[in-house]
Amino acid sequence: MDALARYIAQQNLQPGDRLPPERELTAALKVGRSSLREAVSQLSALGIVEARIGSGTYLLRQISAETVYMPLSLSADGLAEALLMTLEVRRGIEIEASVAAARRRTDEDIQRMEAALDEMERTHHREGGSGKADFAFHMTIYDAAHNPLFRQLLEQMHDILERFWDRPFDRPDFAARSFPYHRTLFDAICAGDTAAAAEETRKILDVVEEDIRNMRP
């Protein structure tokens, strides 16, 4: 995504301009079509470009590699403190994303969420934890909120948030007790029940906080 953003900036493309054809972009960026399409998809999720059927992909707003991805840094005394500080921010973002998803989810969103949840459950039963599969499920909820700002915040917080799904404290069972609440969260979003979606998200995050406090050295 950064390479495509740099290319757009270097070519001085302006909002409303059409991006070059896929073949030209893959040659200029020296990447395959799948990598290019993923980058375009990410920029589209951020509201930076728009793909128009039969017409091409258009730039919606000016960008640079620096404005697309500006990772946030966090100074804290140890992993537990960093996780607790990040969790305060996660609460606000994730609860609102779940509520928005319950309001705006489409049938296609539900299919993607269910597929991600099924994979998360398979991983949990196989490995005793779900790690990256858990993260992938939460990403489908952010997408179902249909607000590109959620995705932008995630991009900026990626390095910090990743710690939650990378076996903190070397404990594969970290937050495993939150596992059942992911299915009830999915059910609430499908039903369009905003209050239940918020409550189930709180339950997940409460377990995360308890485990941070109980598992830290």
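Read-outs throughout are calculated quantities, based only on the coordinates presented, and are distinct from any laboratory measurement. Keep in mind the model is a prediction, meaning the values are calculated, not measured. Cβ: placed from backbone, ideal geometry, glycine included. Neighbour counts: every protein chain shown.
Per-residue 3J(HN,Hα) values for the stretch 208-217, derived from phi via the Karplus relation 6.51 cos²θ - 1.76 cosθ + 1.60 with θ = phi - 60°, read 4, 5, 4, 5, 4, 6, 8, 9, 5, x Hz in sequence order (x marks Gly and Pro). Residue 199: net charge of surrounding residues, Cβ under 13 Å, Lys/Arg +1, Asp/Glu -1, itself excluded? Computed value for this residue: -2.
Highest average first, the peptides 6-12, 39-45 ordered by how many other beta carbon atoms sit within 10 Å of their residues are 39-45, 6-12.
Computed from backbone phi with θ = phi - 60° and the Karplus coefficients 6.51, -1.76 and 1.60, the 3J(HN,Hα) list for the stretch 160-166 is 6, 5, 4, 4, 5, 10, 10 Hz; x is used for glycine and proline. Quick check: from the Cα gyration tensor, does the stretch 2-68 come out rounded (a/c under 1.5), prolate or oblate? Note, shape of the stretch 2-68 comes out rounded.
Going through (i) 133; (ii) 109; (iii) 180, the figure that equals volume of the Cα convex hull per residue in Å³ as computed for the structure here is (i).
Axis of helix 131-144 versus longest Cα principal axis of the chain: the two differ by about 60°, to the nearest ten degrees. Rounded to the nearest 20 debye, the dipole size of the chain about its Cα centre is 560 debye, using +1 on the Cβ of Lys and Arg and -1 on the Cβ of Asp and Glu. Close amide-amide hydrogen proximity is noted between residue 216 and no other residue 5 or more places distant or on a separate chain, at a cut-off under 5 Å (H modeled in the peptide plane; Pro and chain starts excluded). Rounded to the nearest whole Hz, the Karplus-based 3J(HN,Hα) values (6.51 cos²θ - 1.76 cosθ + 1.60, θ = phi - 60°) of the stretch 169-175 follow the sequence 6, 6, 10, x, 8, 4, 6, with x at glycine and proline. Using C-alpha pairs below 8 Å separated by at least 6 residues, the relative contact order for the stretch 79-215 is 37 percent.
Report summary: the helix-based calculation at 222 nm, which adds -39500 (n - 2.57) for every DSSP H run with n ≥ 4 and divides by the residues of the chain, gives -21500 deg cm²/dmol.
At each listed q (0.10, 0.14 Å⁻¹), what is the log10 of I(q)/I(0) that the Debye formula gives for the stretch 115-217 modelled as equal alpha-carbon point scatterers? Debye intensities relative to I(0), on a log10 scale: -0.27, -0.55. Of the residues 208, 152, 32, the one whose Cα sits farthest toward the positive end of the charge dipole of the chain, with +1 on the Cβ of Lys and Arg and -1 on the Cβ of Asp and Glu, is 32. As a proxy for reagent exposure, ranking 203, 30 by other Cβ atoms within 10 Å from fewest up yields 30, 203. Under 5 Å from the amide H of residue 57 lie the amide H atoms of 19, 52, each residue being 5 or more positions distant or on a separate chain, with H modelled from the backbone and absent for Pro and chain starts. Less than 5 angstrom separates the built amide H of residue 49 from those of 44, 60, all sequence-distant by 5 or more or on a different chain. Rounded to the nearest 10 degrees, the angle from helix 79-104 to the longest Cα principal axis of the chain is 70 degrees. About the centre of its Cα atoms, the stretch 117-158 shows a dipole size close to 60 debye [charges on the beta carbon of Lys, Arg (+1) and Asp, Glu (-1) only; nearest 20 debye].
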